[in-house]
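These notes are about the structure you will find just below.
The values are calculated or read from the model by the stated rules, or taken from the named source; none is laboratory data. Just so it is clear, the structure is predicted and the values come from calculations on it, not from any experiment. Methodologically, a virtual Cβ is constructed for each residue, glycine included, from the backbone with ideal geometry; neighbour enumeration extends over all protein chains shown. Surface accessibility is based on the protein's heavy atoms, side chains included, excluding ligands, DNA and RNA. Shrake-Rupley method; radii C 1.70, N 1.55, O 1.52, S 1.80 Å.
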Amino acid sequence: MASNQHVKLFGTVRSPFVKRAEIALKLKGVEYEYVEESLSNKSDDLLKYNPVHKKVPVLLHNDKPVCESLVIVEYVDEAWTGYPILPSDPYHRAQARFWSKFIDDKVFPAAFKAAWNPNEKERDKGAEEAREALQILENKLKGKFFNGDSIGLVDLAALYIAFWLPLIQEAGGLDLYSGEKYPKLEKWGHEILNHPVVKGVLPPRDNVLAIYKTRFQNISASK
Amino acid sequence: MATQEVVLLDSRCSMFAMRARIALAEKGIEYEGKEQNLADKGPELLQMNPIHKKVPVLVHNGKPICESLIIVQYIDEVWKDQGNPLLPSDPYDRAQARFWADFVDKKVADASSKVWTKKGEELEAGKKDFIAALKQLEEVLGDKPYFGGEVFGYVDLVLIPFYSWFYAYETCGSFKTEEHCPKFIEWAKRCMQRETVAKSLPDPKEVYEIVLILRKRFGVD
């Protein structure tokens, strides 16, 4: 690849979506400059490079922006050689895309609803939906990782379940996930959290837990 | 290529299924289309798409592929040496195409469904969001004939099926898209001149009849 490349990643330190992009770049051995954004005070650059959604992550490659975490991961896979993040076979690629989309469409919204919806009935509904989605993933998981022996697109997408979900659960006293109910996901969680690249990008666990706890406290306090 | 079995679990008026139909036509792939009864889903659909139970489902040599955008990309990759390319070849252009396809699914699909399923304030909000999304897309289109540039491409394919529903949206919502987004309508008419698109989209009046039935069933009318 050309050596005159400038790669910049706009992110926030605790975002699971940003971590997808970071892990993808590190798996490919790409050197990049990281810019920490404040979501309550978005930089002019962020608004310029992602005017449509104004969100992180944004990847800037030779001054050209790529937005949306899964789009970024596929872009990184195609723009740089080396580690294959998606499978090469079209059918398996389709499966990888399907399951990443499933995680974004079914796991995240349900978990957010379960944690943050102001209505208790909606929170219960969210918890039920989250558990259903997790069971489907539990049933689907066959090998060491969703991608087989090495991590791939779906593992990056599902990382939320291994790291953030248990923390939000602990902080909020939720009932979404348990190692007993989902033994394969539990095992996968251990494997992926100990993956050298993943380990290197995750924020400190206590940090994230404290932030979630504060958020839940603020909600109870304002009631 | 060895004999292939290509089946599409289809539904005439589904804009998502239309995407698959256009893609197959663009590649000149022969397939068996099986119209599904979405009010009474058959065993084949439930077996091939147990997670979402939706159309379209592409079944290629017995193996199912679900979700319209994923199906279109699959078709483009499997039949890459045949017919017209659907996604651009440059990784950056591909990323942009994927971004805007995602935008269509996030912004156009949601807002447009409100326009025919809601009333009062919710309908007005849906109309506003729908027009805003189309205006954003007009900006992206700019002076190009297609979102793909000079040639019909992925984003065009992903978006044009909604056009077959415009008559229904406009009638239910009492508005004319052309008054707000004339460039968009110009682009849509250009796409409709393409044979693969024209033969893959149902007549808007046919869609409207279905919409009326669904509105009654959902208790909107």
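Here are a few things to note about the model shown:
- Test: A:ALA79 is within 24 Å of B:PRO50 (Cβ to Cβ), open to solvent by less than 30 Å² (accessible area, probe 1.4 Å), in contact with a Phe, Trp or Tyr (Cβ under 9 Å, 6 or more places away or on another chain) and at the interface with another protein chain (Cβ under 10 Å from one of its Cβ atoms): no
- Residue check, A:ILE136 crowded, with 20+ Cβ neighbours inside 10 Å and either β-branched (Val, Ile, Thr) or modelled with pLDDT under 95 (or both): no
- Residue within the stretch B:33-45 that is part of a loop (DSSP other than H, G, I, E, B) and either among the hydroxyl-bearing types (Ser, Thr, Tyr) or closer than 20 Å to A:PRO90 by Cβ (or both) present: no
- Within the stretch B:71-84, considering residues that are over 18 Å from A:ALA96 (Cα atoms) and either β-branched (Val, Ile, Thr) or touching a residue at least 12 places away in the same chain (Cβ under 8 Å) (or both), the one nearest to the other protein chains (Cβ to nearest Cβ): B:TRP79
- Only one of B:GLU179, B:GLU186, B:GLU206 that is surrounded by fewer than 20 Cβ atoms within 10 Å (Cβ to Cβ), of a type outside the set (A, V, I, L, M), in contact (Cβ under 8 Å) with a residue 60 or more places away in the chain and not assigned by TED's automatic domain parsing to the domain that holds B:ASN37: B:GLU206
- Residues of the stretch B:127-138 that are open to solvent by 30 Å² or more (accessible area, probe 1.4 Å) and either among the aliphatic types (A, V, I, L, M) or touching a residue at least 40 places away in the same chain (Cβ under 8 Å) (or both): B:LYS127, B:ALA132, B:LYS135.
- Residues (within 11 Å of another protein chain (Cβ to nearest Cβ) and over 8 Å from A:PHE10 (Cα atoms)) located in the stretch A:53-62: A:HIS53, A:HIS61, A:ASN62
- Residues of the stretch B:49-67 satisfying the condition of being open to solvent by less than 10 Å² (accessible area, probe 1.4 Å) and under 18 Å from the mean Cα position of the chain (by Cα): B:PRO56, B:VAL57, B:LEU58, B:ILE65
- Every residue from the stretch A:109-139 that is under 17 Å from B:HIS52 (Cα atoms) and in contact with a helix residue (DSSP H, G or I) (Cβ under 7 Å, 6 or more places away or on another chain): A:ALA110, A:GLU129, A:ALA130, A:ALA133, A:LEU134, A:LEU137, A:GLU138
- Where a residue in the stretch B:46-70 is within 11 Å of B:LEU8 (Cα to Cα) and within 9 Å of chain A (Cβ to nearest Cβ) and its partner, wherever it lies, is open to solvent by 10 Å² or more (accessible area, probe 1.4 Å) and polar (S, T, N, Q), with Cβ under 8 Å and at least six apart: B:HIS60/B:GLN4
- Yes/no for A:LYS54 being of a type in the set (D, E, K, R), part of a loop (DSSP other than H, G, I, E, B) and surrounded by fewer than 22 Cβ atoms within 10 Å (Cβ to Cβ): yes
- Qualifying residue in the stretch A:120-128 (condition: within 14 Å of another protein chain (Cβ to nearest Cβ), at pLDDT 95 or above and surrounded by fewer than 15 Cβ atoms within 10 Å (Cβ to Cβ)): no
- Check on A:LEU70, in contact with a Ser or Thr (Cβ under 8 Å, 6 or more places away or on another chain), open to solvent by 20 Å² or more (accessible area, probe 1.4 Å), farther than 24 Å from A:ILE211 by Cβ and not assigned by TED's automatic domain parsing to the domain that holds A:LEU159: yes
- Those residues of the stretch B:110-126 which are open to solvent by 20 Å² or more (accessible area, probe 1.4 Å), within 19 Å of the chain's Cα centre (by Cα) and touching a residue at least 24 places away in the same chain (Cβ under 8 Å), in sequence order: B:TRP116, B:THR117
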